[in-house]
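For reference, the structure discussed in these notes is given below.
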There are 2 protein chains.
Amino acid sequence: MTETALIALIRRLAGRNRLATGRLDLGIGDDCAVWSPAPGRQVLVTTDQLIEGIHYIRRGTTGRQAGARLLGRGLSDIAAMGGDPRLVFLNLALPQADGWTTAFLRGFAAEARRFGVAWAGGDVSTVRGPAVASVTVLGEVPRGQALTRSGARPGDRIFVTGRLGAMPARITPRLGVGRALRNVATACIDLSDGLSTDLHHLCKESGVGAVIRAEAIPCAGTLDQALNRGEDYELLFTGARAPSRIAGVLATEIGVITKGHRVWLDGKPLRPSGWEHSF
Amino acid sequence: MTETALIALIRRLAGRNRLATGRLDLGIGDDCAVWSPAPGRQVLVTTDQLIEGIHYIRRGTTGRQAGARLLGRGLSDIAAMGGDPRLVFLNLALPQADGWTTAFLRGFAAEARRFGVAWAGGDVSTVRGPAVASVTVLGEVPRGQALTRSGARPGDRIFVTGRLGAMPARITPRLGVGRALRNVATACIDLSDGLSTDLHHLCKESGVGAVIRAEAIPCAGTLDQALNRGEDYELLFTGARAPSRIAGVLATEIGVITKGHRVWLDGKPLRPSGWEHSF
């Protein structure tokens, strides 16, 4: 399959998506996409990449799963900010365009349709090595309501959604939860790198510490998996209180924010043992 | 150099950039960047990638040159829409983080500062193969004033900026020209793939044909280089007329837009012979 045929397929798959709010004035086919966010919104931007041999793109997963997964990771970042996803851009560096590749693109396009996201541009090139897929997701959030990592204060309770450590093949980005938390949570982050690492990220950006209890953590498998495995794509958030279900998703209190900058698990220091790559 | 050290370097290099209009509310360090474009603007988005062994990233160019070049390509797309660049995001897949890499990042950061663009996020990962650098540039344009590829009409004159075929080591994105063309040009595209290919792109999106004259083309080297070499990053635009200099840059009339869909050079069909990869 030539690059030209691949681009023709992408144009067909991308189609034309009407956005829930705002307008995509110009999508695939020009030097830039042109987008009018809805009035009174701030723009959210997140980028992410999947690399063959490092992340499980290609081996151990179907093309459709990997395509959906790449977009799901970006959507999870939008959810963590309390935002609504709107546009996505995909850059692909591929050793060859085969059946796996077309399945990947179909999985990516189906996930975009499922979440009302317009596929608005990108680039495909050949690489003499492992495949690299890079994605940018743009979203919007009502002005002043974005959830950040930096708002946690001593005394805030710490919550997580769902069950941790399962490493699901299919990511369910917690967009409904994020929206519901807009005026509720003081801080929020998505669990992509593992609870131990992401709790440190949140504490560092907020300038606080934390104490969590192992027995309170909703584990899908072992405690170590829940703490360090990563790839949960649940939300970790702080606030005065939270209902036990938010937008239909389990929410569990696992500890409390403290002064200082240390993170403790059952009275012992908790080390960040997950991934670290974003900046 | 570890990924953590690389991320620390990137955070230092990115710094904090004040934007000419609008505001970066939240940059590097959270799940998403948060941006407030200026009122009355549309958002522009373009993505691009450089691949070791395919494009001349690493071999044949210094790190600083390649870093500046990657950003310059994105800025050129913003210029082609008549926009102002505002934010940039960089994803890097690297075999190792060496001196070339840090020079690349310094070149990238210096180019961002030079054009008032805030480096607002990204991702670095290891790859067991050629390096891949993927960039997303966001810009803004006054509502309704974006230049597109689709506005050319029969009778419009065809113009190019600068001299073609030189393949300069340093890209000078024609941002001032793009701004000056906002209410002047009927269509515009940047010359990244070569005049022969990009003129076809513009004609296809506008549903028109074109006739150009070889003797009118401002060549830096041979005619073939000017037509097919690509990587010029000058602007090709159409309109009723243009001054011979725009924002200090040479502008040359090379032909006229016609009915139909064919492109002619001196009475012979002109084939698109450059690159083709964006969608």
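For B:Gly122, the criteria (1) away from every other protein chain (no Cβ under 11 Å); (2) at positive phi; (3) modelled with pLDDT under 95 hold in every case but one, which is (1). Would you pick out the residues in the stretch A:200-217 that are closer than 27 Å to A:Asp84 by Cβ and either more than 14 Å from chain B (Cβ to nearest Cβ) or free of Cβ contacts under 8 Å to residues at least 24 places away in the same chain (or both)? Listed by number, the list is empty, since nothing qualifies. For the stretch A:35-42, the condition holds for at least one residue, the condition being that it is facing another protein chain (nearest Cβ under 10 Å), without any contact (Cβ under 8 Å) to a residue 60 or more places away in the chain and either touching a Gly at 6+ places or on another chain (Cβ under 8 Å) or not hydroxyl-bearing (Ser, Thr, Tyr) (or both).
Picking from residues in the stretch B:125-141 that are under 14 Å from B:Gln49 (Cα atoms) and facing chain A (nearest Cβ under 7 Å), the one that is modelled with the highest pLDDT is B:Thr136. From the list A:Gly178, A:Gly165, A:Gly207, the one residue that fits, being on the phi > 0 side of the Ramachandran plot and touching a Leu at 6+ places or on another chain (Cβ under 9 Å), is A:Gly165. Checking B:Arg64, B:Arg18 one by one, the residue that is more than 12 Å from chain A (Cβ to nearest Cβ) and part of a helix (DSSP H, G or I) is B:Arg64 and no other. Of all residues in the stretch A:213-232, those being out of contact with any Asp or Glu (no Cβ under 7 Å at 6 or more places or on another chain) and either buried (at least 24 other Cβ atoms within 10 Å of the Cβ) or among the basic types (Lys, Arg) (or both) number 4. For the stretch A:145-170, what are the residues that are outside any loop (DSSP other than H, G, I, E, B) and of a type in the set (Ser, Thr, Tyr)? Answer for the stretch A:145-170, where residues must be outside any loop (DSSP other than H, G, I, E, B) and of a type in the set (Ser, Thr, Tyr): just A:Thr161. Of the residues contained in the stretch A:83-104, one or more are found to be surrounded by fewer than 21 Cβ atoms within 10 Å (Cβ to Cβ), more than 9 Å from chain B (Cβ to nearest Cβ), among the charged types (D, E, K, R) and not in a strand (DSSP E or B). For the stretch B:119-160, the tally of residues that are over 17 Å from the mean Cα position of the chain (by Cα) and of a type in the set (A, V, I, L, M) stands at 7. Scan the stretch A:105-118 and give yes if some residue there is outside the structural domain of A:Leu90 (by TED's automatic domain parsing) and closer than 24 Å to A:Pro39 by Cα, otherwise no. No, that holds for no residue. Residues in the stretch B:237-279 that are touching an Asp or Glu at 6+ places or on another chain (Cβ under 6 Å) and within 14 Å of chain A (Cβ to nearest Cβ): B:Gly274, B:Trp275, B:His277, B:Ser278. Among the residues in the stretch B:152-169, are any surrounded by 16 or more Cβ atoms within 10 Å (Cβ to Cβ), more than 7 Å from chain A (Cβ to nearest Cβ) and within 21 Å of A:Ile28 (Cα to Cα)? The answer is yes, given that some residue of the stretch B:152-169 is surrounded by 16 or more Cβ atoms within 10 Å (Cβ to Cβ), more than 7 Å from chain A (Cβ to nearest Cβ) and within 21 Å of A:Ile28 (Cα to Cα). Is it the case that B:Leu250 is touching a residue at least 40 places away in the same chain (Cβ under 8 Å) and crowded, with 24+ Cβ neighbours inside 10 Å? So B:Leu250 fails the test.
Just one of the listed residues (B:Leu75, B:Leu9) is more than 8 Å from chain A (Cβ to nearest Cβ), part of a helix (DSSP H, G or I), at pLDDT 95 or above and on the phi < 0 side of the Ramachandran plot, and it is B:Leu75.
Among the residues examined, B:Glu205 qualifies as acidic (Asp, Glu) and over 17 Å from B:Gly162 (Cβ atoms).
The values are calculated or read from the model by the stated rules, or taken from the named source; none is laboratory data. Everything quoted here is computed from the prediction, not taken from an experiment. Because the Cβ atoms are built from the backbone with ideal geometry, glycine has one as well, and the counts that use them run over all protein chains shown.
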